[in-house]
Amino acid sequence: MVNVLWLATEASAEEGFGLNLDILDTNLINLGILIVVLIYFGRGFIGKILSERRATIEQAIKEAEKRQQEAASALAAQQQKLTQAQVEAEKILATAETRAQEVKQKIEQQAEQDIERMKATASQEMDSERDKAIAQLRSIVASKALAQVESRLKETLDENAQQQLIDRSLGLLGGQS
């Protein structure tokens, strides 16, 4: 480094400080010096940076592969859970359909029983109402018949016929005792 500064001061003392535009003279020398300096001083530094960068990249790749494997195993586990959930859902659906059919049959049977019971009740009520109506009609017919018989008896039976009927009835009663 000291030599470079000494050369720069020597060059500036002879010609003054200025630009040398000769490409072959300046750039090749400067480039050569730069390459030598980089190789000599930068070999360890650049090698260290490159090896650190390489280690960082390798570590990142390993971590990415590990995350990929974890993601793949997690995906497989979730797919297995999904498959199990679908199987469970199908079982639940089948059970629900079976239960629905059973409930439907029970409801239909209960409805049929209720209909039969209602028919029997209605039949009994109709029979009861019919019996009541027949009893009322018999009562009405009997009372009308009695009223008619009484009115006919009053018309046809005079007092003499009534006396004979009473005597005959008393004779029958007296003969029995």
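The values are calculated or read from the model by the stated rules, or taken from the named source; none is laboratory data. None of these values were measured; they are calculated from a predicted model. Note that we place each Cβ from the backbone using ideal geometry, even for glycine, and neighbour counts take in every protein chain shown. Remember, those area values only see protein heavy atoms, side chains included, never the ligands or the DNA or RNA. Shrake-Rupley method; radii C 1.70, N 1.55, O 1.52, S 1.80 Å.
Annotations
- From the options 153, 157, 165, 172, residue that is without any contact (Cβ under 8 Å) to a residue 12 or more places away in the chain, open to solvent by 90 Å² or more (accessible area, probe 1.4 Å) and hydrophobic (A, V, I, L, M, F, W, C): 172
- Residue match in segment 41-54 (condition: among the hydroxyl-bearing types (Ser, Thr, Tyr), part of a helix (DSSP H, G or I), open to solvent by 90 Å² or more (accessible area, probe 1.4 Å) and on the phi < 0 side of the Ramachandran plot): no
- Flag if residue 99 is open to solvent by 100 Å² or more (accessible area, probe 1.4 Å) and over 59 Å from the mean Cα position of the chain (by Cα): no
- When the test is whether a residue is at pLDDT below 75, assigned to a helix (DSSP H, G or I) and open to solvent by 90 Å² or more (accessible area, probe 1.4 Å), residue 70 does not pass it.
- Scanning segment 126-149 for residues that are open to solvent by less than 70 Å² (accessible area, probe 1.4 Å) and among the aliphatic types (A, V, I, L, M) yields 133, 134, 135, 142, 145, 147.
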